[in-house]
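In what follows, a single structure is set out as structure tokens and then discussed.
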Amino acid sequence: MASLASRWRRASATGSSQADGAIACVTEQTWMDGAGRQLARVSMHAPWGVASVAGISIFSVLAAQLARQ
């Protein structure tokens, strides 16, 4: 299990703001891109069933954003 730590933008009736946060996720794959960056494909479906407002729960992120637990 890992967690994805990032700055999140949250919207409210009075505007939007940014906040630090983390969410549990499962790392499905890691690889290095053409620019030499280590990337990871993560699923946020497990363990909390989290998805974007569009229903997406698998994302590609910078591996440096992940914290092993």
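Throughout, read-outs are computed from the coordinates displayed, never taken from laboratory work. None of the values given here were measured: they were computed from a predicted structure. Cβ placement follows ideal geometry from the backbone for every residue including glycine, while neighbour counts extend to all protein chains displayed.
Residues whose amide H falls under 5 Å from that of Cys25, counting only those 5 or more places apart or on a different chain, are Ala2, Ser3, Leu4, with hydrogens built in the peptide plane.
Backbone N atoms of segment 38-63 closer than 15 Å to the 7 Å Cα→Cβ label point of Val26 belong to residues 41-51, 57-59. Between beta-carbons, use under 12 Å as the cut-off and find the net charge around Leu62, counting Lys and Arg +1, Asp and Glu -1. Here the charged neighbours net out to +1.
Backbone phi angles across segment 39-51, fed through the Karplus curve with coefficients 6.51, -1.76 and 1.60 (θ = phi - 60°), yield HN-Hα couplings of 10, 9, 9, 10, 10, 9, 5, 9, x, 9, x, 7, 8 Hz in residue order; Gly and Pro are listed as x.
Ranked by the mean number of other Cβ atoms within 10 Å of their residues, highest first, the peptides 31-41, 47-57 fall in the order 31-41, 47-57.
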